[in-house]
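What follows is one structure encoded as structure tokens, with my remarks underneath.
The values are calculated or read from the model by the stated rules, or taken from the named source; none is laboratory data. Here the structure is a predicted model, which means the values were calculated and not measured. Cβ sites come from the backbone with ideal geometry, for glycine too, and all protein chains shown count toward neighbours. Ligands, DNA and RNA are excluded from the accessible area calculation, which covers all protein heavy atoms including side chains. Shrake-Rupley method; radii C 1.70, N 1.55, O 1.52, S 1.80 Å.
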Amino acid sequence: MNTPDNAVEMRSISKGFNGIPVLNEVDFEVRRGEVHALAGGNGAGKSTLMKILQGVYQADTGKILIDGKPVAIGSIQDAKSAGIGMVFQEFSLVPSLTVAQNIFLASEPLARGLINDREAVRRAKKLFDEMEVRVDPKAEVSRLGTAYWQLTEIAKALSQNARVLIMDEPTASLAKHETEALFELIERLKARGISIIYISHRMDEVYRIADRITILRDGRRLLTERLSDVAPEQIVEGIVGRKIEGQLAYRARADLAGGGVPLLEVRGLTSGPRVRDVSFALRPGEILGVAGLMGSGRTELARTLFGIDKATSGDILIKGKKVAIGSPQQAIEAGLALIPEDRRAQGLVLEHSVRDNLLLPLLGKISRGPLLDLGEGRKLSSSLIEKLAVKVAHPNRPVRLLSGGNQQKVVIAKWMGTDPEVLILDEPTAGVDIGTKSEILDMIRDLAGTGKAVIVISSEYPELLAVSDRVLVLKEGSVIQDLPRGDIADEESLQLAVQGV
Amino acid sequence: MSKTAPQPVLETSASPNFGEMLKRLDWRRYVIYIGFVVVFVFFAILLHDQGFLSAVNLLNIFRQTATITVIAVGMTYVIACAEIDLSVGSTAGLSSVVTAMAIAQWGLVPGILAGLATGVAVGAVNGGLVSLLGIPSFLVTLGMMGIAVGAAQWVTASAPQPILDDTFNTVFGSGNIGPVPGLVLWSALFVAAGAVVLSRTKFGRQVLATGGNRTAADFTGINTKRIKFQVLLISGVVASVAGMLYAGRLQSGRFQWGTGDELSAIAAVILGGTSLFGGSGTVIGTLFGSLLIGLINNGLILAGLDSSQQQVVRGAIIILAVALARKK
Ligand SMILES: Nc1ncnc2c1ncn2[C@@H]1O[C@H](COP(=O)(O)OP(=O)(O)OP(=O)(O)O)[C@@H](O)[C@H]1O
Ligand SMILES: [Mg+2]
């Protein structure tokens, strides 16, 4: 079975944390020069398997073969010298150093014992030339966008002669054209015989670039197939563990309150260069989608509505009454809630337990006099966990240990608990598996069904089209179009609208 | 070879047996208690003949650590909120001086109020500069440390200020209630109040959340500027009470009272399991941290080590305890 064209072979890998099994006898092979997609639901063990390959964790049992030879990977250093490169989701670059300095960090070219920066720049240039991308090696990393960080990471891995590159959700923070550029780069790397392990929850991307796919479910390998040999439904079912149908189809919903006073009305809202004279109204029961390119001011609009950024002019009205929103406290009092785009930085206190995170906005609700009613808190948090089907071993465990999708559910649950009148969600399905994604979309619909108003910001058009009753298109901070769902024929026409054509 | 058998959900594992529970138990969180017991037993056996276990000696340990414990309760809030307060020792000194002078001038109650006002003023300036101007608390309180002790020395021309008010001296530090020294009651009071507020009130949770992830706390509608201001204010006021306890026990105010206490208090808080980076902390842990330091001081003196040797051994034990308690 030891075919020599396997760049990586992991055999019967098992791994548990504190007695809880996470990986169970997983076999995984990657051929030389192939793009191998690693798929599976949130918490299936994808990242854990890859961290074992990178030497971050050690497997409890199992073997790893690189180019057919057994290797012991006991540290990140071992993995690097075995030719395993990683494009970290949390980037491993030093922001204050230049691109070239980062690439050759700890392996700087020397001249007479001193670091030769000019040589580093020259070699970095050569690397980028080979990758056929344009990055200035002398630029300070902190001043570049995420796409360049990623390219620097890739160059860094290549400079260490990586034969296998692991990419864990690499497109999460890339704009459309940057994603395209990345895919082209992947093709070129592949042609050079480099293998790529590609983890993503976006099926269209997997179909676009992967040759084969391995699906993990609950810590076991479900299948490894050529993509041309499996039907899309089979993959979805494999990941989710059940059939899901029509999750991304729009269903017209009954118009609840009809005309009447809008639940939320925004008039001429302006804040900085990214929110300019924005006006719209939202009726009870309505779901408003917000579309736009990266940098079009979608997130900034959400932040201004929620009082994180201060509005320089304009009015916000709730149920026809003007409200002053200068801080998140005031926004919450006015009945707003924001599920922020970056759950780890903005949504959660990672070291705190799931329960403490859920109760943070609800402390007022569970107070008895000056003290907190801990029993009530336990009940409330358990009911939220149940309502959103968050997978947790125990509500007392730190939220950091949950997989990405479950962390996102905790953030959503936390805000659902406050029973907001207007819920704003900024990229609510980033990093979330397709099963959870359809659950989140259903939740949004249910919430609107009870007469609340919802604003959904998303870069994924199919999802936006599936839930929105109306779509607001932003460009350079201004509303360029306010389209009823019925007027948008398909994804393509939305895309054209977003580009302002 | 592809497997299709659906597996039970891994994360909701069934009730584990006792052995597994032990394995899962995060013993690092309890290092301070384990360390306390180990050191206690060690001294109890080794120093049995020197009277380590006598009631008098044990009460002495409590009495000697009481002021540090009080300061450390305030410091727990500051560190849990991911800030630091280096000015507490100097604040205690300044407050002892102000109290003594005000009692001499205007009598008991104005004296106490003046002492508290010192703490409020120092805490408010610290808190204001940190939360409104965003200056790191390390720098603000480092500066304040010099200002407070310098001011205390200046206004008194380095001279001790005697306190002749017996009520004050009895209540703040010299008196006993039955066999229990008043100082011990003071520290018990602060520990109890501090523990309840940190773990059982909205404010306490918000302090921990602010220290754990300030951005997320902001996004959750917590006024983190106010929280930062409040913890530094608390720390200042608590330090001023500690200053009055020095004044009562030593029946005088002097700028040197409290010198170096900031370091003992920080050590007690960290030993007690509060994260130096904020986000977690318990006041009960701090109490044991402070008692452990007192225990070590006491034991080393009874063992006949001289003060230079004491310093070396104490430092080594603190490093060892923190190393054991650190997260992997
Ligand atoms: N350090 C850890 N300690 C304890 N449990 C952990 C640890 N790391 C991961 N887990 C658990 O292992 C399981 C698998 O997690 P992993 O991050 O590998 O999932 P994933 O497939 O990458 O999911 P996602 O798609 O959400 O990123 C989860 O249940 C997670 O809670
Ligand atoms: Mg993952």
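Taken over the stretch A:466-501, the criterion of being farther than 26 Å from A:G285 by Cβ and open to solvent by 40 Å² or more (accessible area, probe 1.4 Å) is satisfied by A:K475, A:E476, A:E492, A:Q495, A:L496, A:Q499, A:G500, A:V501. Beta carbons closer than 9 Å, at least 6 apart along the sequence or on distinct chains, pair a first residue in the stretch A:35-52 that is more than 14 Å from chain B (Cβ to nearest Cβ) with a second that is within 9 Å of ligand 2 (Cβ to nearest atom) and open to solvent by 10 Å² or more (accessible area, probe 1.4 Å) for A:L38/A:K46; A:L38/A:D168; A:S47/A:Q89; A:S47/A:D168; A:S47/A:S403; A:S47/A:G404; A:M50/A:D168. The set of residues in the stretch A:398-415 being away from ligand 2 (no atom under 15 Å from the Cβ) and either more than 13 Å from A:L384 (Cβ to Cβ) or more than 11 Å from chain B (Cβ to nearest Cβ) (or both) consists of A:P398, A:V410, A:I412, A:A413.
Out of curiosity, is A:D129 within 16 Å of ligand 2 (Cβ to nearest atom) and not small (G, A, S)? Spelling it out, it is not the case that A:D129 is within 16 Å of ligand 2 (Cβ to nearest atom) and not small (G, A, S). Within the stretch A:85-110, restricting attention to residues that are within 16 Å of ligand 1 (Cβ to nearest atom) and either within 14 Å of chain B (Cβ to nearest Cβ) or within 15 Å of A:Y148 (Cβ to Cβ) (or both), the residue that is most open to solvent (accessible area, probe 1.4 Å) is A:F88. Against the conditions (1) open to solvent by less than 20 Å² (accessible area, probe 1.4 Å); (2) at pLDDT 95 or above; (3) at the interface with chain B (Cβ under 10 Å from one of its Cβ atoms); (4) away from ligand 2 (no atom under 16 Å from the Cβ), A:L358 satisfies every one except (3). Here A:G16 fits the description: within 12 Å of ligand 1 (Cβ to nearest atom) and surrounded by fewer than 19 Cβ atoms within 10 Å (Cβ to Cβ). Assess whether A:A59 counts as being closer than 30 Å to A:Q408 by Cβ and either at pLDDT 90 or above or more than 16 Å from ligand 1 (Cβ to nearest atom) (or both). Yes.
On the basis of being part of a helix (DSSP H, G or I) and either of a type in the set (A, V, I, L, M) or over 24 Å from A:L359 (Cα atoms) (or both), does A:A489 make the cut? For A:A489, the condition - part of a helix (DSSP H, G or I) and either of a type in the set (A, V, I, L, M) or over 24 Å from A:L359 (Cα atoms) (or both) - is not met. The single condition from (1) among the hydroxyl-bearing types (S, T, Y); (2) within 11 Å of another protein chain (Cβ to nearest Cβ); (3) within 16 Å of ligand 2 (Cβ to nearest atom) that A:T418 fails is (3). The number of residues in the stretch A:328-355 being among the small types (G, A, S), facing chain B (nearest Cβ under 7 Å) and surrounded by fewer than 21 Cβ atoms within 10 Å (Cβ to Cβ) comes to 1. For A:G289, the stated conditions hold: it is touching a strand residue (DSSP E or B) at 6+ places or on another chain (Cβ under 6 Å) and closer than 22 Å to A:D487 by Cβ. Every listed requirement among (1) among the β-branched types (V, I, T); (2) crowded, with 22+ Cβ neighbours inside 10 Å; (3) under 30 Å from B:T99 (Cα atoms) is met by B:T259 save one, (2).
For the stretch A:168-185, state whether one or more residues are in a strand (DSSP E or B), within 16 Å of ligand 1 (Cβ to nearest atom) and either out of contact with any helix residue (DSSP H, G or I) (no Cβ under 6 Å at 6 or more places or on another chain) or touching a residue at least 60 places away in the same chain (Cβ under 8 Å) (or both). The answer is yes, given that some residue of the stretch A:168-185 is in a strand (DSSP E or B), within 16 Å of ligand 1 (Cβ to nearest atom) and either out of contact with any helix residue (DSSP H, G or I) (no Cβ under 6 Å at 6 or more places or on another chain) or touching a residue at least 60 places away in the same chain (Cβ under 8 Å) (or both).
Among the conditions (1) open to solvent by 30 Å² or more (accessible area, probe 1.4 Å); (2) at pLDDT below 95; (3) more than 16 Å from B:T215 (Cα to Cα); (4) not aromatic (F, W, Y), A:G297 misses just one, which is (1). State yes or no: is B:A72 part of a helix (DSSP H, G or I) and either open to solvent by 10 Å² or more (accessible area, probe 1.4 Å) or farther than 26 Å from B:I270 by Cβ (or both)? So B:A72 fails the test.
Going through (1) away from ligand 1 (no atom under 16 Å from the Cβ); (2) buried (at least 19 other Cβ atoms within 10 Å of the Cβ); (3) within 14 Å of chain B (Cβ to nearest Cβ) one by one, A:A82 falls short only on (3).
Filtering the stretch B:281-328 to residues that are surrounded by fewer than 22 Cβ atoms within 10 Å (Cβ to Cβ), farther than 22 Å from B:T76 by Cα and among the small types (G, A, S) leaves B:A303, B:G304, B:S307, B:S308, B:A316.
Of the helices (runs of 4 or more DSSP H) contained entirely in the stretch B:130-203, those carrying at least 1 residues that are open to solvent by 60 Å² or more (accessible area, probe 1.4 Å) and within 14 Å of chain A (Cβ to nearest Cβ) fall at B:182-200.
State all residues of the stretch A:16-47 that are more than 14 Å from ligand 2 (Cβ to nearest atom) and of a type in the set (K, R); if no residue qualifies, say none. Answer for the stretch A:16-47, where residues must be more than 14 Å from ligand 2 (Cβ to nearest atom) and of a type in the set (K, R): A:R31, A:R32.
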